[in-house]
Amino acid sequence: MPTERELQIAPIVPESVMHNTKALSNLQTLTASIFGAAAGILGLESYSGFLFYLVFTVLTTVLFYGIRVAPTSLKAGHGVFDTSRYFRTQYEFWTGGLFNGLAGYILTWTLFYGLVRA
């Protein structure tokens, strides 16, 4: 556990950053499965299915940023898209969900496509 002096020097607590990263990863994995089910039910194929995933994953990340990260980050004086107060890197926040949930998306997409179209 960091001392009070260490927290004053570097106010970002590693345990909190890990918790935030895990919460975001869980959200992205769950929504990827939901989007896969939706794409399968809609009967999307090929590029339209991947575009569906890309659009809704980016939308989920933007909504998460707008609801949970931006209000307190902007009040603290950070930049508009600066997530360093809550996450390790901006890359991890903005694009991590694209790759983390892709396998679950494809799995549920093909499952529901097969169930609906069979």
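The values are calculated or read from the model by the stated rules, or taken from the named source; none is laboratory data. All values reported here derive from a predicted model rather than from experimental measurement. We place every Cβ from the backbone using ideal geometry, glycine too, and count neighbours over all the protein chains shown. Keep in mind that these areas ignore ligands, DNA and RNA; they rest on the heavy atoms of the full protein, side chains included. Shrake-Rupley method; radii C 1.70, N 1.55, O 1.52, S 1.80 Å.
Brief remarks on what is shown
- Pairs, first over 12 Å from residue 110 (Cβ atoms) in region 32-58, second open to solvent by 30 Å² or more (accessible area, probe 1.4 Å) and not in a helix (DSSP H, G or I), C-beta under 6 Å, six or more apart: 52/44
- Listed by position, the helices (runs of 4 or more DSSP H) contained in region 1-115 that have at least 2 residues being at negative phi and open to solvent by less than 60 Å² (accessible area, probe 1.4 Å) are 14-42, 46-64, 70-75, 90-100.
- When we screen 42, 51 for residues that are hydrophobic (A, V, I, L, M, F, W, C), in contact with a Phe, Trp or Tyr (Cβ under 9 Å, 6 or more places away or on another chain) and at pLDDT 95 or above, the only hit is 42.
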